[in-house]
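The values are calculated or read from the model by the stated rules, or taken from the named source; none is laboratory data. All figures in this text were calculated on a predicted structure; none of them were measured in a lab. Note that we place each Cβ from the backbone using ideal geometry, even for glycine, and neighbour counts take in every protein chain shown. We work out accessible area using only protein heavy atoms, side chains counted, and drop any ligands, DNA or RNA first. Shrake-Rupley method; radii C 1.70, N 1.55, O 1.52, S 1.80 Å.
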Amino acid sequence: MLSKEDNELLCRVEGDAPMGQLMRKHWIPALLCEEVAEPDGKPVRVGLLGHQLVAFRDSSGKLGVLDELCPHRKASLVYGRNEDDGLRCLYHGWKFDADGNCTDMSSEPPESTLCEKVKHKSWPHTEWGGFVWMYLGDEENMPEFQPPPFAPKEDTNVSILKIKIPCNWAQITEGQIDSAHSSSLHSSDMVPARVESAGATEENWLRPSTDKSPRLQVERTDYGFRYAAIRRPIKDAATHEYVRMTVYVAPFFSLIPPNTSYNVATVIVPIDDENTTFNFIAWGGTDCPDTETWRKFARAEKGVDVDADYNALRTLDNDFLQDRQAMKEGNFTGIAGIPNQDIAMWTSMGPLVDRSEDVLGASDLAIVEFRKLMSEAAKTMRDEGKALGSPAATPQAEIASYQEVIPKTIDWRDAAKPAA
């Protein structure tokens with residue numbers, strides 16, 4: 001259990017909330033590059049930690065990220081005209097370039113010098129690994145952007161699906177670092193098989209174990225923590241163990257144990273206290289699926305499973321389109337797609353969970369570690385102004401998850417890539 005006070009510290013990100021201040025000390029993967037790919041295209045509303053911003057690509061291809069509301073009379077620039085190297089507010093015609101400079105005031109007299117004096121708030125940003133990254137903290141102390149674990153090189157193959165979810169970021173993150181639930185919730189999609197190592201087909205993932213009750217061991221690091229879920233393998237159970245090591249890189253990334261074809265990661269970014277952007281990523285490896293294939297595999301295709309703004313079409317109101325007949329025929333959940341099964345669980349908890357009423361077990365060791373780590377980190381941010389993982393001590397491109405069937409005589413900490 002977590003106290004109500006610590007639960008508030010863990011979950012709240014808006015305004016002066018310590019967790020939100022901690023996140024502002026990091027480069028934030030704010031939206032997908034594909035959302036602003038078109039010069040003079042539709043401006044995009046971006047919600048981050050309670051902020052409302054607008055992103056657009058101008059006529060020359062330059063990307064701009066501004067506060068959403070026009071500084072004149074606070075009308076939304078999301079509805080503005082994106083043309084001739086600037087974003088023009090519909091209300092009175094004030095126009096801003098990608099750096100926030102006011103370039104025209106059609107509502108003001110020609111002799112007015114007001115245009116030269118107005119500067120709209122623009123935010124630092126860069127593009128890498130399929131994301132537009134933003135920095136919302138103190139720009140004088142802005143850390144240098146560094147490649148994330150899922151895109152260590154500029155040419156790394158990265159496929160991303162995105163879904164906006166109506167619940168708090170922490171309950172989603174807890175789902176991503178919880179290895180035990182996969183043996184139940186995802187049992188129809190993560191199928192036990194007599195394979196040497198976890199694999200992937202076009203229809204499902206294969207894993208070399210039927211063990212639903214893993215032993216968990218945790219190791220804290222300078223960037224968060226990593227932990228091993230140790231299971232009995234199908235083959236050589238007397239002499240070997242199947243180890244799945246998940247990594248939490250605070251505050252946004254979870255590195256899921258890979259398969260023989262590609263690596264898996266999640267990027268979880270709060271929109272506000274009760275809404276979150278969930279990004280599920282396949283990357284690198286020997287056979288990484290392209291974006292269209294990845295979204296189809298996970299049942300997260302735009303226009304089919306999510307709308308144009310990445311809102312899920314499976315919701316609480318329609319019971320996530322759960323197929324009870326499929327359940328009778330052997331499908332465990334009756335919900336299509338690994339992410340959708342998770343989303344059903346997360347949103348069914350309500351928009352913000354009261355963790356003071358939890359009943360935890362041995363399989364929740366990683367959940368306990370996450371809550372301890374991040375509530376402590378929020379207090380350190382509040383009391384000392386120091387943010388966990390920023391500046392980063394360990395290059396994120398060197399951090400990796402791990403899975404393998406190994407002899408019992410070998411410690412997983414030695415078999416996996418060393419932690420910092």
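Step through the residues of segment 297-304 one at a time and calculate ³J(HN,Hα) from phi using the Karplus curve (6.51 cos²θ - 1.76 cosθ + 1.60, θ = phi - 60°), rounding each to whole Hz and writing x for Gly and Pro.
Computed from phi, the couplings for segment 297-304 are 4, 8, 6, 9, 7, 5, x, 10 Hz.
Which order do 375, 188 take by accessible area at a 1.4 Å probe, largest first? Can you show the working numbers first?
Numbers: 375 5, 188 40 Å².
The residues order as 188, 375, largest area first.
Nearest 10 degrees, 0 to 90: what angle lies between the long axis of helix 365-384 and the longest principal axis of the chain (Cα atoms)?
It works out to around 30 degrees.
Taking the chain as a Gaussian network, Cα atoms linked when under 10 Å apart, which of 381, 327, 190 shows the biggest mean-square fluctuation?
Looking only at 381, 327, 190, the biggest GNM fluctuation is shown by 327.
Taking the simple approach of a point 7 Å from Cα along Cα-to-Cβ for both residue 327 and residue 108, what is their distance in nm?
6.2 nm
In Å², what does the accessible area per residue of the chain work out to with a 1.4 Å probe?
Values: 18450 Å² over 420 residues.
Per-residue accessible area for the chain comes out at 44 Å².
Do you know the relative contact order of the chain, to the nearest whole percent, from alpha carbon pairs under 8 angstrom that are 6+ apart? Please list the in-between numbers first.
Numbers: 906 pairs, mean separation 82.4, N = 420.
Taking the mean separation of contacting Cα pairs over the length of the chain, I get 20 percent.
Multiply the residue gap between residue 220 and residue 372 by 0.36 nm, knock off their C-alpha separation, and tell me the result in nm, one decimal place.
Values: separation 152, 0.36 × 152 = 54.72 nm, distance 1.09 nm.
Here the segment from residue 220 to residue 372 would lengthen by 53.6 nm.
Expected output is a single nm value to one decimal: the length gained when fully extending between residue 63 and residue 383, i.e. 0.36 nm times separation in residues minus the C-alpha distance. What is it? Please report the intermediate quantities before stating the final value.
On the way: separation 320, 0.36 × 320 = 115.20 nm, distance 3.62 nm.
That pair, residue 63 and residue 383, stretches by 111.6 nm at full extension.
Rank these by accessible area, largest first, 1.4 Å probe: 356, 348.
348, 356
Would you please state which residues of segment 38-68 a label at residue 101 would reach in this model, taking the label point 7 Å out along Cα→Cβ and a backbone N cut-off of under 19 Å?
Flagged as within label range: 40, 56-67.
Determine ³J(HN,Hα), in whole Hz, for all residues of segment 104-110 in sequence, where each value follows from phi through the Karplus function 6.51 cos²θ - 1.76 cosθ + 1.60 and θ = phi - 60°; x replaces Gly and Pro.
6, 9, 5, 8, 9, x, x
Which of 338, 406, 350 sits closest to the plus end of the dipole of segment 286-420, meaning its Cα is farthest towards the positive end, when Lys and Arg get +1 and Asp and Glu get -1 on the C-beta?
406
Name the residue, out of 29, 166, 391, whose mean-square fluctuation peaks in a Gaussian network model built on the chain with Cα pairs under 10 Å.
Most flexible of the set in this elastic network: 391.
Could you tell me which residue out of 310, 300, 271 lies farthest along the dipole of segment 262-319 toward its positive end? Charges go on the beta carbon: Lys and Arg +1, Asp and Glu -1, centred on the Cα centre.
300
Can you compute the charge dipole magnitude of segment 218-346 about its Cα centre, using +1 on each Lys and Arg Cβ and -1 on each Asp and Glu Cβ, nothing else charged? Give it in debye, rounded to the nearest 20. Could you put the intermediate results ahead of the total?
Values: 13 positive and 19 negative charges, 131 e Å.
The dipole magnitude comes to about 620 debye.
Taking H as built 1.01 Å from N, whose amide H comes closer than 5 Å to the amide H of residue 306, not counting residues under 5 places away?
The list, which skips near neighbours in sequence, is 301, 313.
Can you give the calculated 222 nm mean residue ellipticity of the chain, where each DSSP H run of n ≥ 4 adds -39,500 (n - 2.57) and the sum is split over every residue, rounded to the nearest 500 deg cm²/dmol?
Numbers: 9 runs with 74 residues, N = 420.
Calculated mean residue ellipticity at 222 nm is -5000 deg cm²/dmol.
Order 330-336, 205-211 from most to least packed using the mean count of other Cβ atoms within 10 Å. The partial results should precede the final answer.
Details: 330-336: 17.7, 205-211: 20.7.
The most tightly packed comes first, giving 205-211, 330-336.
Considering only Cα-Cα distances, which of the following residue pairs are longer than 29 Å: 162/379; 25/153; 4/417; 164/235; 4/25? Walk me through the numbers before you get to the answer.
On the way: 162/379 31 Å; 25/153 23 Å; 4/417 37 Å; 164/235 40 Å; 4/25 25 Å.
As for pairs spanning more than 29 Å Cα to Cα, those are 162/379; 4/417; 164/235.
[x] 22.7, 86; [y] 40.9, 145; [z] 21.6, 66: which one is Rg and Dmax of the Cα atoms in Å as calculated from this entry?
[x]
Leaving ligands, DNA and RNA out of it, rank 299, 194, 314 by accessible area with a 1.4 Å probe, largest first.
194, 299, 314
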